[in-house]
Amino acid sequence: MTTDTGAAVQERAEVSERLWTAVIAKDESAAVREVFAAADAGVGRESLLLEVLGGVQRRVGTEWAADRISVAEEHAATAIIDRVIAALAHRVPAPAGMPDRPRITVACVDGEWHVLPARLLAEVLTGRGWQVDFLGAHTTTPHLIAHLHATNPAATLLSASLPLHLPSAHTAVTAVQSIGIPVMVGGAAFGADGRYARLIGADAWAPDARAAAGLLADGLIRPGPTPRQQVDDLPHLADQEYTLIKGNRSALVRQGLAELEARWPGMRAYTEAQRERTAEDLAHIVDFLATALYVDDPELFTGFITWTAEILKARRVPPHSLRTGLEILAGELHDFPRALGFLKAAAEALPATPTTRPSPAQE
Amino acid sequence: MLVVDADGALIETNEAARRLIPLVPGDFVTSAAMPAWLAAADRALRQAGTPADAVSGEVAGRSFEAYPSSCDDGTVVWWLLEDTDRRLAEQALRGERERAALLAEVSSALLSSLNVERCMTVTARMAAGHLADAAIIVAPAQGRRHQLTYARADGEVTQTMLPVEPRSVAGLAEALQGFPPVPARWIDPAELPDWAVPEGFDGPIGSVIVTPLPGHGVPAGVLILLRSSTHQAFTDGEEVFARLFAARAGVALSAARLYAEQRSITTTLMRDLLPPRLERVHGVEYAGAYRAARDHERVGGDFYDVHPGTDAGEETFVVLGDVAGKGLEAAVLTGKIRSVLQALLPLSGDHQQVLSLLNGALLNSHHTRFATLVLASVTRRAGHVRLRLTSAGHLPPLIIRSDGRVEEAPTQGQLVGAMPAVTARTAHVSLAPGETCLLYTDGITEASGGPLGDQFFGEERLRAALGPCARMPAEAVVERVQMLAAQWLGGGRHDDMATLAITNPAGGHGALHSVDGHHATAARPKAGVRR
């Protein structure tokens with residue numbers, strides 16, 4: 001690891017700024033040149049990966065949230081960073097003299113397309129001597145398990161960025177543990193303090209790539225041979241609220257749309273695309289509500305709603321449509337006490353605004 | 001029966017008691033011949049002065065319960081009842097329960113893994129932990145060498161490959177062939193060769209069990225158990241239990257070995273059916289993404305290939321297609337079509353002829369399936385990428401212009417494998433830097449889902465999603481399309497989905513020469529694991 005002298009930090013900041021410019025201009029070769037030049041100038045491999053490339057990637061996320069770049073630009077930027085990582089891995093191989101460490105598997109859980117955090121982790125671990133099998137984004141659990149049977153790694157590291165993927169992360173964690181392989185999880189989905197990692201019974205949680213490397217070096221304890229099911233970790237799932245809401249997502253969205261139209265006749269003038277945006281927004285709320293019910297944490301839902309309100313604000317969409325959406329869902333879910341509690345808590349957390357007219361949230 | 005007076009002297013004993021305890025009336029309970037536990041109970045009873053419960057202990061190597069009954073004059077009558085058999089039975093039952101629990105634990109631990117190495121590790125560790133002081137598993141020979149798994153009671157497990165002479169351990173050669181194990185008492189621990197003693201095993205070995213791990217017809221290996229001389233030697237019961245343990249371990253190991261063999265066969269057979277890894281060729285970017293209809297499968301009825309031209313001046317031949325059906329059966333047909341097309345490469349200058357020949361080949365085969373496909377011939381001249389595109393009953397390719405317009409390539413034709421002749425119209429398209437041509441299968445546009453659950457993703461949404469993909473790398477384009485389609489599905493059922501992007505890179509020719517063809521060196525998704 002490089003020591004963080006003031007000059008080094010300054011140099012990294014300058015590289016990051018130039019890299020950002022190249023990435024946002026979709027200038028892949030310039031981006032590669034910047035990173036290679038920094039490597040030649042002595043910026044350490046891990047620093048380049050985590051501070052410089054990881055930093056630019058985090059900036060992509062905040063710029064999107066502030067509506068300064070589009071989803072497609074975000075995607076293009078991510079793709080370019082991904083290719084720069086590949087180029088860097090080829091140009092600056094893992095440092096020699098690292099201990100020969102066992103084989104491990106790194107993957108994103110089913111449905112998770114934010115591949116870069118896992119990708120950076122895989123590179124860092126490769127750099128520290130681990131033999132890493134990187135399975136990439138969106139790894140379905142059957143594929144993961146087949147891979148683990150074939151390779152028998154010392155540990156599996158699963159990444160998830162969106163909390164929506166917590167249920168599939170839970171499925172993957174229990175499946176991997178059932179074949180006797182310890183699982184470490186990481187990523188924004190598990191909460192800043194890793195609370196959801198503990199909830200779903202992961203063997204370890206790491207807040208970042210370096211911490212993950214440290215925990216892995218200390219060794220993970222293999223899970224016991226007693227297989228368990230998700231409901232063993234989360235007994236509240238027995239109330240079926242999660243199951244029913246997840247299973248009836250489309251019906252809830254349809255009813256929600258009809259109700260919205262009844263309340264706001266102006267919606268009948270919506271274009272097909274506008275209606276679809278509105279339906280997507282409703283579906284997204286239902287998805288987050290279901291996930292919050294899964295982990296039985298009203299804060300997860302409230303956090304999503306207040307965050308969405310911020311995003312809408314950045315896009316100059318008045319947030320009252322969000323409040324209306326919550327009201328409509330509460331009307332549809334009157335037999336679901338847990339869901340009602342979550343909806344109420346989220347509505348209370350929204351800033352008070354006079355309700356006038358819903359407008360379709362834009363991307 | 002013994003009667004003891006208030007002073008602790010024996011008044012009377014019956015014959016059964018005299019045979020057990022050689023005391024006569026007048027002797028005191030404190031005398032050395034009296035079992036200490038009974039004397040202590042008598043003393044305690046007198047101090048407490050209340051009726052006491054039964055006590056138990058051993059007399060002359062047998063187990064007894066003694067029930068006191070007190071008389072008013074301070075005399076106590078001790079009734080001794082033998083319970084040796086019950087105790088032995090209880091002990092046996094406890095032991096049996098422990099062994100049953102251990103077997104359940106063993107089965108549960110072993111059944112969870114289909115990995116041979118892991119099964120051997122778990123077996124050795126459990127054997128060393130519960131049955132012996134150390135355990136060694138000798139796997140069936142690979143040539144003259146055997147894989148050896150050593151475990152010590154402290155849980156340390158190591159594996160190594162060594163040439164092993166089976167005759168060097170009594171009973172090993174027989175066990176490796178699946179003959180019944182030789183009794184432990186026949187094996188002389190002193191004659192064990194060095195390899196059969198785990199590193200760090202302390203002290204001389206007292207006794208040894210060599211037992212086969214029975215498999216599916218052929219042995220899955222041999223389990224050797226060692227006990228140090230400071231411990232009791234293996235009993236007959238323990239030998240029987242070691243066999244039960246070995247039987248379970250053998251079944252699990254055989255299942256794991258069978259799975260590994262099947263997997264290796266599948267991998268070999270599937271190698272040519274998997275979608276190829278694409279990379280930049282002659283200054284043109286190619287990227288493909290594939291998702292099979294069933295999540296546990298890696299191949300299906302969609303396919304694509306890129307056959308690079310021999311040099312930059314020569315056309316690169318690209319094909320993407322879709323045969324009717326899904327799963328392995330469809331994949332086998334895609335393999336045939338891909339082979340035929342590869343053979344037809346020299347004729348790729350004439351798409352019409354390629355399609356006619358392929359059509360003939362499909363009609364003459366015993367397959368009743370048909371296929372749709374797109375052929376593309378690609379060259380790069382003076383900064384522009386020129387494409388000849390021919391669709392045979394397939395969705396026309398979409399062209400993403402650098403200003404974000406999305407056009408459909410004007411090509412159409414009939415599907416192959418159905419009619420005696422096929423005709424198709426070829427489109428000529430030129431890509432400026434930053435522009436992409438996307439070939440895709442209907443699994444993308446017919447992905448059913450969305451917020452309302454039952455809508456097709458459709459060409460409209462695909463076009464809208466492609467607009468912002470101008471000047472993106474080819475990989476980002478295919479990834480974005482696959483991601484949007486997957487999110488649209490939201491976990492629902494779907495058909496095979498294939499996309500292939502041909503991109504004239506925005507950064508100019510050869511900008512990334514340093515990484516061309518070296519993707520495998522980085523931590524890229526491993527071939528065959530990614531869809």
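A few comments on the model shown:
- Of everything in the range A:115-136 that is of a type in the set (D, E, K, R) and surrounded by fewer than 24 Cβ atoms within 10 Å (Cβ to Cβ), the residue that is nearest to the other protein chains (Cβ to nearest Cβ) is A:D133.
- Residue identified as more than 20 Å from A:R338 (Cα to Cα) and surrounded by 15 or more Cβ atoms within 10 Å (Cβ to Cβ) among A:E241, A:E272, A:E280, A:E299: A:E280
- Annotation: of all residues in the range B:217-257 being basic (K, R) and more than 22 Å from the chain's Cα centre (by Cα), the one that is farthest from B:D133 (Cα to Cα) is B:R243.
- Being in a helix (DSSP H, G or I), over 19 Å from the mean Cα position of the chain (by Cα) and of a type in the set (D, E, K, R) holds for only one residue in A:R58, A:R33, and it is A:R33.
- Among the residues of the range B:482-504, some residue qualifies, meaning at least one is part of a loop (DSSP other than H, G, I, E, B), at pLDDT 90 or above, assigned by TED's automatic domain parsing to the domain that holds B:R291 and farther than 28 Å from B:L273 by Cβ.
- Counting only residues that are within 42 Å of the chain's Cα centre (by Cα) and in contact (Cβ under 8 Å) with a residue 24 or more places away in the chain, the range B:340-358 holds 4 of them.
- Any hit, the range B:458-477, residues being of a type in the set (V, I, T), within 10 Å of chain A (Cβ to nearest Cβ) and surrounded by 17 or more Cβ atoms within 10 Å (Cβ to Cβ): yes
- Restricted to the range B:137-241, the set of strands (runs of 3 or more DSSP E) holding at least 2 residues that are under 23 Å from B:E96 (Cα atoms) comprises B:205-212, B:222-228.
- Across the range B:402-419, the number of residues qualifying as part of a loop (DSSP other than H, G, I, E, B) and either of a type in the set (G, A, S) or surrounded by 17 or more Cβ atoms within 10 Å (Cβ to Cβ) (or both) comes to 8.
- Residue within the range A:71-80 that is buried (at least 23 other Cβ atoms within 10 Å of the Cβ), more than 20 Å from the chain's Cα centre (by Cα) and facing chain B (nearest Cβ under 9 Å) present: no
- Extreme residue, surrounded by the fewest Cβ atoms within 10 Å (Cβ to Cβ), among residues of the range B:256-272 that are of a type in the set (D, E, K, R) and assigned to a helix (DSSP H, G or I): B:E261
- Within the range B:2-43, tally of residues that are assigned to a helix (DSSP H, G or I) and exposed (fewer than 12 other Cβ atoms within 10 Å of the Cβ): 4
- Hey, A:S29 farther than 20 Å from A:A188 by Cβ, in contact (Cβ under 8 Å) with a residue 60 or more places away in the chain and within 14 Å of chain B (Cβ to nearest Cβ) or not: no
- The single residue among A:A251, A:A202, A:A258 that is of a type in the set (G, A, S) and not assigned by TED's automatic domain parsing to the domain that holds A:E280 turns out to be A:A202.
- Hits in the range B:171-188 (condition: over 18 Å from B:A247 (Cβ atoms), modelled with pLDDT of 80 or more and surrounded by fewer than 16 Cβ atoms within 10 Å (Cβ to Cβ)): B:A173, B:W186, B:D188
- Residue match in the range B:68-84 (condition: touching a residue at least 12 places away in the same chain (Cβ under 8 Å), within 60 Å of the chain's Cα centre (by Cα) and exposed (fewer than 14 other Cβ atoms within 10 Å of the Cβ)): yes
- Elements of type helices (runs of 4 or more DSSP H) in the range A:223-289, at least 2 residues being within 9 Å of another protein chain (Cβ to nearest Cβ): A:249-263
The values are calculated or read from the model by the stated rules, or taken from the named source; none is laboratory data. Since the structure is predicted, the reported quantities are computational estimates derived from the model, not experimental observations. Cβ coordinates were reconstructed from backbone atoms using ideal geometry, including for glycine residues, and neighbour counts include every protein chain displayed.
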